[in-house]
Amino acid sequence: MIETRLLRQFLVVAEELHFGRAAVRLHMAQPPLSQAMLRLEEKMGVALFQRNSRHVELTAAGRVFRERAQEVLRLLNDAVAEAHATAMAHQVLVVSGVQFRGYDFLLAALKCVSEAPHAVRMELRQGPTAEQIAWLQARATDVAFVRGVEALGPHFAHECVAMERLYAVVDASHPVAQCEQVSLASLSSEAFIFTAPKLGMAYHAHLVQLCREVGFSPTPAHEVENMQTLVGLVEARMGIAIVPASVVAHSEGVRFVPVIDPSPETPARMPLYMVWPNDGPSQPRDTFIAAVRERMPMRTAPPPQAQVAMAGPRC
């Protein structure tokens, strides 16, 4: 049986008709290449080249063999590509977590993977952190994006992919709405609207802990099931809220005002973690993780939404 390596070497020599140039293209020395062509001829029992000290040319048999060798390698390459495409077509990448609007780097990673050659089919799911961890444990999701990783077991890997700046959400008539930025301590007397802890214990606990570190425990006015309702209640003057940058959007009835870092050691930031099972390689999952890493923002840089607040004094 003739090895494909010999076929590839033969085709380079047949193209160059010069053993020295062919050896350079193949990144090998000339003597081993000459010996390889002699072995090929011995296996076939025919001469493929006419050689002398100054000239190399194909024999009639060599010209026929060149055409057939090209066809064989082309068919082999096509077979490998089709097998790869078939295997990938039966794979599904399940990604769960945040509402992807507001996370340009995640959307870009998803787009990259979905448009790649032999792209896998993707499914996007949303759910509270506890539910996402359960999906990971059941292998019902491949990659999750969560706010806290304390509940993870030893069989999961995680990586912080973003540190989002926090914003105070106030109605347009609130005094803070005219501020360029605001400190958490100045909001101690306000009634706060929170998302329900069951939607994300780590998210809720992080906000409460930030308030306590500047000297107060926030007074909860309402708990809501989603961010849209939260913004709606703020606009109705039923309280204020603290949200991450990914939620910031233009609205006539509310203002999003950047929160000042309480201290260099305690930044007003909300982490976002990427989590996946640490159980060996998975091509679709690992490709997506690599795409996220290539596109994730600088973790300490303010996001582009930071210019939403109206110009005004620091409060």
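With contacts taken as Cα pairs under 8 Å and at least 6 residues apart, the chain reaches a relative contact order of 22 percent. Beta bridges assigned by DSSP with both partners in the range 160-288 are antiparallel in approximately 70 percent of cases. A cut-off under 14 angstrom between Cβ atoms defines the neighbours of V234, and their net charge, with Lys, Arg +1 and Asp, Glu -1, is -3. Electrostatic bookkeeping for R74 treats Lys and Arg as +1 and Asp and Glu as -1; over the other residues with beta carbon under 14 Å from its beta carbon, the sum is -1. Measuring from label point to label point, each 7 Å out along Cα→Cβ, what is the A205 to V64 span in nm? It is 7.8 nm. Computed from Cα atoms, the angle from the helix 60-89 axis to the main principal axis of the chain rounds to 20 degrees. Per atom type, the chain shows carbon and sulfur on 55% of its accessible surface, probed at 1.4 Å.
Legend note: in the chain, cysteines whose Cβ sits 4.7 Å or more from every other cysteine Cβ are C112, C160, C211. Per-residue ellipticity at 222 nm from helix content only, as computed over the chain with -39500 (n - 2.57) for each DSSP H run of at least four residues, stands at -12500 deg cm²/dmol. DSSP beta bridges confined to the range 1-131 are antiparallel in about 35 percent of cases. Of the residues D279, D171, ranked by 1.4 Å probe accessible area with the largest first, the sequence reads D279, D171.
Helix 201-213 versus the longest principal axis of the chain: what angle, 0 to 90°, nearest 10, using Cα atoms? Approximately 50 degrees, to the nearest ten.
Across the range 113-265, the mean sequence separation of Cα contacts (distance under 8 Å, 6 or more residues apart), normalised by length, yields a relative contact order of 32 percent.
Binning the alpha carbon pair distances of the chain at 20 angstrom intervals from zero yields the distribution 26, 34, 19, 16, 4, expressed in whole percent.
The values are calculated or read from the model by the stated rules, or taken from the named source; none is laboratory data. Being a predicted model, the structure only gives us computed values, none of them experimental. Positions of Cβ are generated from backbone atoms using ideal geometry, with glycine treated the same way; all protein chains shown enter the neighbour counts. Accessible surface areas use protein heavy atoms only, side chains included; no ligands, DNA or RNA. Shrake-Rupley method; radii C 1.70, N 1.55, O 1.52, S 1.80 Å.
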